[in-house]
Each structure stands twice: as C-alpha cells, then as structure tokens.
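Heads up: the structure comes next, in structure tokens.
The values are calculated or read from the model by the stated rules, or taken from the named source; none is laboratory data. Keep in mind it's a predicted model, so treat the numbers as computed, not measured. Here the Cβ positions follow ideal geometry from the backbone for every residue, glycine too, while neighbour counts run over all protein chains shown. When the accessible area is computed, the model is the full protein with side chains, heavy atoms only, and any ligands, DNA or RNA have been set aside. Shrake-Rupley method; radii C 1.70, N 1.55, O 1.52, S 1.80 Å.
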Amino acid sequence: MLRIDAVTAGYGHTTVLHDVTVVVPDGSVVAMLGPNGAGKTTLLRVASGLLVPWSGRLIVDGTDATGASPHRLRSLGVCLVPEGRGIFPSLTVRENLRLCCRAGQETSGLERARESFPVLGKRLEQIAGTMSGGEQQMLALARAYAGDARVVLLDEVSMGLAPKVVDEIFAFLARLAAEGISLLLVEQYVSKAMAIADYVCLLDRGALSFVGEPAELSESTILANYLGAEAVGA
Amino acid sequence: MTDLLPFIVVGLAAGSLYGLAGVGLTLTYTTTGVFNFAHGALAAAAAFVFFTLHVDWGWPWPLAVATAVVVVGALGGLVVERVTRNVSEADSAAGVVVTVGLMLAVQGLVQWHYGVTTRQVAPFLAGTTGHIGGVAVTAQQTAAIVIAAAATVGLFVFLRTSRLGTEMRAVVDNSSLLDLNGSNPNRVRTAAWMIGSSFAALTGVLIAPFLGLDASLLTLLVVQAFGAVAVGRFRSLPLTYAGGIAIGVGAALLTKWVGGHTVLAGLPAALPFLVLFLALVIWPPPALARQAAGGVSTRRTIAMPLKAKAGAGIVTAALVIAVPRLVGAKLPTFTSGAGFVIVFVSLALLVRTSGQISLCHASFGAVGATSFAYFASSSGLHLPWFLALVLAGLAVVPLGAVVAIPAIRLSGLHLALATFGFAILMERVAYPSALMFGALGLRRAPRPSFATGDTQLFYVTVAVAAAVCGLVVVITRTRLGRLLRGLAESPLALNTNGLNVSVARIVVFAISAFLAGIGGALFAAATGSVNGHSFGSFNSLLYLVILAVAGRALIPSAIVAAVALAVAPAYLPNAFVEYQGLIFGFTTVVLVLATTVRVNARSTRVVARLGANPVRARLVESGAST
Amino acid sequence: MSGLEVSGLTVRFGGNVAVNNLSLEAPLGRLTGLIGPNGAGKTTTFAAISGLVRPDEGIIRLFDRDVSGLAAPPRAQLGLGRTFQRPELCSSLSVAENVALGWEARAAGGNPWRHLVPRRTDGRALREAVATAVELCGIGDIRERKVGSLSVGRRRLVELARVRAGGYRLLLLDEPSSGLETAETTRFGAVIRRMVDEDGVGILLVEHDMALVMEVCDYLFTLDFGERIFAGTPAATRASGVVRAAYLGDAVLQDAAG
Ligand SMILES: Nc1ncnc2c1ncn2[C@@H]1O[C@H](COP(=O)(O)OP(=O)(O)OP(=O)(O)O)[C@@H](O)[C@H]1O
Ligand SMILES: Nc1ncnc2c1ncn2[C@@H]1O[C@H](COP(=O)(O)OP(=O)(O)OP(=O)(O)O)[C@@H](O)[C@H]1O
Ligand SMILES: [Mg+2]
Ligand SMILES: [Mg+2]
C-alpha cells in the first residue's frame, strides 16, 4: 500500500501541493484528475522520490520512505513512468528494456515487453532516440510491464498515441490491475481512466477537491471541477 | 624499410599509450558528458606517485604500479565525480571550465611537491623481449603495447555486455530515469570516473620512462589523447585506440623525415593537433542524441539595481583616474592590466553570452601584439599608432575564423578542443617563426607619439579599455546578445525560425578575436616589448579559469580577472606567479563545490532531485523566485 | 495553387522507409490535417518539408517555388514556420523573450550586419507582433514567467505564439495540443481556426486528438507505413474502412476527448 500523507511540496519558493493525502490500496486503481498545472506531476514526483516534500510523509507498505531516493523506492516496488519520453535515447531498444528489469530477470522482462508491444520486439536494435514519438512512448511504458513493480505511477502515458493504441494501452492497464498491481493513474482521457479506476481523486490548484468512487461522480461534477467555470461557458 | 623499423617500434609503443589515454577519456566522455581536460594531469600525478614508491621507497614495481593506479584511479575518480556532478548534464562550457581548473590544480600540486625540473627515470622493466627484423624491442615497450591492447579490449567488452556498462551509457542520457529504474546514478558515475582515472593513471605510469618525469609534459600528453578521441569520433573505443596508434607511429616517422629541417622541427610535436583538427573538420562527430542542455553560466549574471551600478561605476572611474598618483613606480603594471581587461572582456563576451569556449585567447593576444609591433614600429610599416592598433585587431580575425568556422558548427566542446589544439600549434610552430616573435623571441612595440610618458600611456590604454567595455555591453544587450542566449539553449528553434545559426556564432567569435588582438597589442605597447612566453598555450587556460573565479557579472569580472592576473603579482611574493595555476585552479574547484553546497543549504526544504537536469532545475527555481 | 505542395516524397533511414512516395498539398486559407498511426512518418514528413532532413526523392514546392534544395533557414525566410512534437524553447528565458526570439531570428537571417544592427523600425514591429501573438494565444498572464517553470501544455502555447509572432504564412504544427486539457484544447482549436479564417494562413496539423482534428480540419491526409492511404474531408475519413482499420480502431469517437 502506498500512502502519501498530508504532503506539502513545491519548487523554490512556490508551493504547489497543499496538504494532500492520497492512498493507493493494494491491488486497486486510483485515477488522479485535474486541470493543467494542478500539480499532478508534482504529486507523482513526490511519490517516486524525485522531489522531497517540505512536510508530510510518504509511506510504502508501512515503512516510512519520506526522503528516500528514487532507486530506493524502486526497490520497494514503486515504479514511475514519467511524463514525456522516459527513455534513454542513445541506447538501443534492447538496452533500454534491459535497464527496466532487475538484474538477473532481463530475459523474462524482455519477453513480457515484447508480448505487450510487438512493435518493440521488431526494433530491438534500433537506437531508441530515432524512433517515432509514439514508439518511444510505448518503450517508456514497457517499464511498467517489464519490471516487477507493485505500485505503478503513470503520468499521462497515452499522450501522443494513436487512438487505437490508446485503447490497447487501457486494455493493458486493466490486465496489469487484474494481476494485482496497484496503479496511480494521471490521464487526460477522463472517461477511459474512470472506467478502470476503483477510486478517483480530483486535484485542483494543489488541493484535493474530491475523493471517492467513480460512481459517485456525475459527468457534470467532473466537468465543473475539472474544467472550471470558464471552460464550461466556452 | 628496415631503417624505418626502429621508428615504427618506438611509435607503436608511444601510440599504444596515446590510445590507452584516449580510451579512458572517451569512456568518461560518453558516460558522463564531461570532457575531462584533467585526464593528463591525473596521469602525471600517478607517474610521480609510482616513482616515489618504486625509486625513492624501493617498492617492487608490480606493487608500485598497482598502488599508483588504484590509489590515483580511485581518488581521482571520486574527486572528478564530485566536482563535475552538478555540471555533468549542464552545458559543455561549465564542464570545460571545471575540468580545466582541475587540470591546473593537479598539475600545480605535482609541481609544488616535486619541483618543475624534469627527472629522468630508468625503465622499471629491464632488458629486451626480442628482436623484430633486427630491431630490439625493450621489455618496457612490449609492456606498453600489450597492456594497452588488453585494457582496451577488456573495457570494450565490459561496456557492451555488463549491466553496469549499459548503466554507464544510460546515465548520461537521463540520470533521473536511471534513478527511477533502481540504480543510483552517482554510484554509476563514480564507477565510470574511477575506471577512466585508472586508465589515465596507467598511461602515466607506463609512459613516464619514455618521456621523463615532467608534470607539464605529462599533462600535455592528454592532447595526444584528444587527437585519438577525435579519430574515434568521441564515442568509439576501438577507433580511438587505432587513432592513438596512428598518431604515435605518424609522429615517430615524421621525426625521422623532418630530421634536419629547422622549419619543420615543430611538426612531429604538432601532429596530434593537426589530427585533432582535421578529424573534427573532415569527419565531424555526430551530435549526441540527448538533448543539449542550455547555457547555464550565461544566465546567472547578478543584476545590480541601476543606482548601485552607477555608483560602482563612478567609484571605479575615480579610482582609475587616481591610480597614477597612488601607485608610483608600479604604474606600468596597471597599464598592462588595463590591456588585459580587454582580453578578459573579449573572453567574457564569448563565454558568458554565447556559452562558447576559446582556449586560444592568449594566441590571439600574441598575434595582435606581434602584428601591432610590425605595423607601428619604425622598423616595420611605421603606421599611425591608432591605425596600427585597429589593424592588429583585424589581423587576428581571419585567423580566428580559420579555427572557428569548422568547429563552431559542432558544439562548444569541439570549439574548445579545436582552439586548444590551435594554441599549441601556434606556440610550437608559429611563435618561433620570423613572422611572429622570431629567432630573438622578442618584439618591440612603440608607444604613441602623443603619449610617451607612463601616465599618459596609462590613460590612453584605460580609455581604449573603457570604450571596449562599453561596446561589449551594447552587444550583449542588443539583438546579437539575445540570439546567442537563445542559441545556447535551442539552436533548432532558431534555425527553423530563419536564423543561420553559424553566422551568429562566427560573428561573436570574430568580434572576440578582434578585441583580444587589440588587448594583446596594448599590452605590448605598455611593456615596450613582448615575448612568446607571455602568451603561452597554458595562459589561455589560466585566463579562462581566472575569469570563472572572478565572478559572474560581465564587466566587473573582467576587471577583477585582469587585476588578479597582471597587477596582483607586483604586490605579492614571487611564489604567487609561480603557482598561479595551482591557486586559481584550486579556487575554481572549491568554488564549484561551494556553490552547490550553498544552493543545497538555501533550499534545505527542497532537495529537488528533479528532471533530467539538476543544475537547470535549480536555476529555474532561483529564476522563478527572483 | 499557392501554399505547400509535396510530391513523391520518399525518406529512408538505412533500410527503413519512413515516408514512401507521399504527395499532399496544404494551400493557404485551409486547415489541413495529417493523421496516422505512431511511426507512420508524420514527423519525418515535417522534417523533410522544413529542411531538417534531406529526402531521398521528391519535390517540395512552397508558394509556387521549388525549395527542395534549400536549407531550413531560407525556407523559414520564405514564410514556413513550425512547432515541434517536443517543444523547442529556451527554458531560462521568459515567455515574452521566447516569443520575441522567433521574430528576431527571422529578421537576422544569415546577414551578419543584421545580427548587430536592427532596422530602425524593428523595435516597434517586434513589440506589436509579440503583444498580438501573446494575446491571441492567451498567455498574457504568464508573459514574464520563465518557460522552464511551465507545465507542458503551456509550453505548447508559447511555441504557437512564437510562430504566430514570426508572421509565417504556412505553419506546420506537430501534435500541438497533446498535453493540453480538454478546455484548453477547445480554445486552441478556436485559435488556429481564427488564424486560418481571419489571417488567411495555411496550416498543416499533425494530431492524435481525433475530436479536435474532426472538428477543426477542412481536409485530411491519412498515412500508414509512410504511405498515403486516404485523403478526404473529415466526414469521409471517419467513414473510411481503411482508416478505421489502420488508425482509429473501433470505439474511438465517442470518447476521444473524455
Ligand atoms: N521545475 C519546476 N520549477 C518551478 N515550477 C514548476 C516546476 N515544475 C512545475 N512547476 C509548476 O508547478 C505547478 C504544477 O505543475 P505540474 O507539472 O505538477 O502540473 P500538472 O498537473 O502535471 O500539469 P499538466 O497537466 O500540464 O502536466 C505549475 O504551476 C508549474 O508551473
Ligand atoms: N533518424 C532515424 N533513424 C532511423 N529511423 C528513424 C529515424 N527517424 C525516424 N525513424 C523511423 O521512421 C518512422 C517514422 O517516424 P516519425 O517520427 O515520422 O513517425 P510519426 O508519424 O511522427 O509518429 P508519432 O505519431 O508516433 O510521432 C518510425 O518508424 C521511426 O522509427
Ligand atoms: Mg503533468
Ligand atoms: Mg511524430
């Protein structure tokens, strides 16, 4: 279980997150929604150890991991698929995949990645940075399958992917969840995210405005919260 | 053929070691993105350690070799990693400054401890291992060839097949992603630096018996390695190794062929630079796949409020006007100091606004000084003094263009390397020629007829310096300055917006070379006569490091730097001049460490291990908060 | 027809054919879409059009002029502007400085003298261009923010403002709305529509957000494996079986925008 407890965090002198608490229970999918600049990426950075919170705690399976480095959190089973292209551009696809796996489990990890994304299997020797934007995004996403993570944090992973591939990815995510892996999902495809989520959080200007089950949220509540009054008028 | 054989054997042994040094350098460059100018200095340190252990203390050689390599490799690796950690993903300019500082510091330390005279050392492996076509091959030569080849192959296999090797190549791409993958990037980087430093140390130990123990000679060994690295296109280990061998054999054969010709005597020694230069031009290395990070040093100028600025300006002006009354007989030092302000401003223009690095500004100064002497003196063209001054500046421009145009298209690092190669080439081949300092090694430069007294000359020099400073400030504030700041971060954006990217870079480089030439000329006029020694290739390195230490503000840093270089020695003990390299190199390193510590202390609340670029993340933070 | 015409474009990387014998046109005053699966060759097509990649075959004509032999800067000088799939901005400069830089880069071009001495009228023209572009793209409130501290979505708007300020007649936009939230995407669609309708520029748009594409585009080209598999109006494209099979998938349209 991943618990982000009363976290306040930001950059320099700007506070981005104000006293945010999010819990990801074992084997469940939590969707985190909110407008641009709400602090979703910042929250995932805190959860993965890239950013140390100013106050509050980060708890993984009962152990306090506040201030732990990203590699320490990875060994606790927390895996972030970052926003943008989370790959090593000058390495080949095969080498990229190799680094996603724990030492010693490279072969099985590679197999899983190839099953998930056949495109990658055909391009193992290509330099990752020369692949198309979407192909790079698939490679980044393969991290979630190839490794043996227990909690996967996904930051807008469907960005820049063709509609058909987006469908495939959500199918994968559902499968991942079925295997008992917890997911914390930041997504721009709201209804797709809601469809696989057990819980939904709405983040607005760094504070949680709603936490609950998807059924509790009507379309109009999301619209009002998510888009803001200005957008509804537009 | 048989009379060439001895040269080939000698060349093979030397070339193997150049290759070995080059391989270590390529390794650390491809894995950390930092090009280590201090590589040769580490080799020198290891060589000295080895001979202390082996010769002075009488340790058996295998133990002494192992100790020197392991100790220098491990210590060097730790130090370099720590010092470069926060620049490793920043721009190449910061990397060059830091490692050049480190190079001067290590070299200075060795010289301070062991003295500057060359010690001859006996080969530690006695005897010969055999004969090839009647040529005896010494055990020392065999050892060099075998060890270099084995180490290269071993490293190549390690990098390609082991997980740590893959991690090393990954850390340079995106270190926080590696962190997210569960590997500690600092540990991976340290491992890379330790291996690289061990290669340097091994080179030093093996090459000292051929070269003798001389700190600056061994430090310059790195330049042979630069040539090899350029042949390897900055990434291929086997090609780098082959490049080293080619340079070694080529230089040995050249030595035989140029034999008696005095004109060409400098050629063998200059070969590595020619190779470096030609390799960069003919076979340009591909751009690194990772995103070029922006010019970090360029944006952190301290913005003083206008009033304070005006106040500081008035105080400085008053002080300068009063100088002749205050300093008495030491006035000429201040006059040459004013000349150096121009040299430093020209360098600051280049480094601070465009993130490009020149390591040949001393050579530009030398060309300015000698051509000024030719244009102005009665034995030369005897042109009017000011006209001669401007022409001296212009004389440097085509030279600067020849060095810069090929390299400038590539990257800041390649420009730095090309200019460094050029500086050494000039020093070895052009300085002694009649065109420059000539057989006497000395050139006389006249004072203007209207300012023959010390005081008048001082004011004339200061006036020119002030005009140059004004010009540089204007340049940085207008379009060119803005374009250069943009170029430092996203050349692609400007390119697709219609800017011919090379033009902006060449324009600023040409202006900088022009001003450096004028500065050199004024220095010559101030001292009356100049020799090549004032403009040696190491001086360019010193300039860069002093400028980095002198602060971030454009003009004040240039003034402080000129005072530290040219004026301070008149008031300080001799040791200061002797150990300038050590002092400023050391200060650079300490400053780099201190700044990072300070940044961390200020933001104890945020230890942002952020994004792909820690330095940038910090800068953005501080930018956002001011 | 004036605008952009591409005929017979082929780009190979090693043995890999990224774009294969592609022809398309993007006239002024029309919003043309370019869609296709990941890796279909859209970004490569843009690179070839803007002069960053040398095509193996094919002719690119811009405003009735063959520009196939020109490098990137002269093509920009002719009026071709573009944005990038991954925004190309200077993170340590402010939003306004970034927007201004595009204009100045175009004004400086390859003329060393113009690098140093701007024309007398440049100052005012620049300020006006920046003000209009910033206002149009709705980033007036963050004018002075450093780009490095902006979220991805905002950066895309800054990049759009930069090409807008540069005064280009023909724009290539590579996934400009990915990372924007739904409301901003809608606004964004309105902005580019206005640029086409009111200023008469031509736009070639690459985008995976089908709701946006179907809404704003006048005409669509669909690529797969580097080849053009369909060309037609959005309605015709949506109805096409080939496009559905290659790209859209089944359940796409009802919730592409969430
Ligand atoms: N490195 C940084 N330095 C300073 N401020 C930052 C930095 N990264 C983000 N911010 C600011 O923090 C706020 C939250 O950003 P964050 O990236 O977490 O938003 P987000 O919800 O992920 O938005 P998006 O949907 O656009 O990705 C924004 O106002 C942004 O400008
Ligand atoms: N420099 C390169 N070297 C080798 N292959 C390349 C290179 N650049 C692109 N490719 C390949 O060419 C194909 C087309 O890539 P491109 O980037 O044009 O796709 P795209 O249509 O923009 O896709 P996306 O929607 O995912 O961005 C891809 O298969 C890619 O792997
Ligand atoms: Mg985000
Ligand atoms: Mg693309």
If we keep only residues of the stretch A:1-33 that are away from every other protein chain (no Cβ under 12 Å) and of a type in the set (S, T, N, Q), then the residue farthest from residue A:201 (Cα to Cα) is A:28
Restricting attention to the stretch B:138-155, the residues that are of a type outside the set (Val, Ile, Thr) and surrounded by fewer than 19 Cβ atoms within 10 Å (Cβ to Cβ) number exactly 4
Exercise for the section: Please verify whether the stretch C:124-138 includes one or more residues that are more than 26 Å from residue A:156 (Cβ to Cβ), touching a residue at least 12 places away in the same chain (Cβ under 8 Å) and within 11 Å of another protein chain (Cβ to nearest Cβ). Expected result: yes
Checked C:119, C:194, C:114, C:154 against criteria (open to solvent by 20 Å² or more (accessible area, probe 1.4 Å) and either within 12 Å of chain A (Cβ to nearest Cβ) or within 16 Å of ligand 2 (Cβ to nearest atom) (or both)); the one match is C:154
The residue from B:564, B:548 that alone is at pLDDT 90 or above and farther than 27 Å from residue B:394 by Cβ is B:564
(message) Can you say whether residue B:502 is surrounded by fewer than 24 Cβ atoms within 10 Å (Cβ to Cβ), within 27 Å of the chain's Cα centre (by Cα) and not aliphatic (A, V, I, L, M), as far as the supplied structure shows?
(response) yes
Those residues of the stretch B:235-252 which are touching a Leu at 6+ places or on another chain (Cβ under 9 Å) and either of a type outside the set (D, E, K, R) or modelled with pLDDT of 90 or more (or both) amount to B:237, B:240, B:241, B:244, B:245, B:247, B:248, B:249, B:250, B:251, B:252
Scanning the stretch B:435-483 for residues that are more than 14 Å from chain C (Cβ to nearest Cβ) and of a type in the set (Ser, Thr, Tyr), the one surrounded by the most Cβ atoms within 10 Å (Cβ to Cβ) turns out to be B:461
Worksheet item: Do we find a residue being farther than 26 Å from residue C:211 by Cα and out of contact with any Phe, Trp or Tyr (no Cβ under 8 Å at 6 or more places or on another chain) anywhere in the stretch C:34-41?
Response: no
Could you tell me whether the stretch C:41-52 includes any residue that is within 16 Å of ligand 4 (Cβ to nearest atom), open to solvent by 30 Å² or more (accessible area, probe 1.4 Å), free of Cβ contacts under 8 Å to residues at least 24 places away in the same chain and within 14 Å of chain A (Cβ to nearest Cβ)?
yes
Is the stretch B:513-531 home to any residue that is touching a Lys or Arg at 6+ places or on another chain (Cβ under 6 Å), open to solvent by 10 Å² or more (accessible area, probe 1.4 Å) and outside any helix (DSSP H, G or I)? yes
Listed by first then second residue, the pairs whose first member lies in the stretch C:63-88 and is more than 11 Å from every other protein chain (Cβ to nearest Cβ), whose partner is open to solvent by 30 Å² or more (accessible area, probe 1.4 Å) and modelled with pLDDT under 90, with beta carbons under 9 Å and at least 6 positions apart or on separate chains, are C:63/C:2; C:64/C:1; C:64/C:2
Can we say residue A:125 is acidic (Asp, Glu), away from ligand 1 (no atom under 16 Å from the Cβ) and farther than 23 Å from residue B:159 by Cβ?
-> no
Heads up, the helices (runs of 4 or more DSSP H) in the stretch B:138-248 (entirely inside) with at least 1 residues that are within 30 Å of residue B:111 (Cβ to Cβ) and under 25 Å from the mean Cα position of the chain (by Cα) are B:185-211, B:215-231
Taking the stretch A:36-86 and the residues there that are within 13 Å of ligand 3 (Cβ to nearest atom) and charged (D, E, K, R), the one that is farthest from residue B:186 (Cα to Cα) would be A:40
Scanning the stretch C:23-40 residue by residue, those more than 11 Å from ligand 2 (Cβ to nearest atom) and either touching a residue at least 60 places away in the same chain (Cβ under 8 Å) or basic (Lys, Arg) (or both) turn out to be C:23, C:24, C:26, C:27, C:28, C:29, C:30, C:31, C:32, C:33
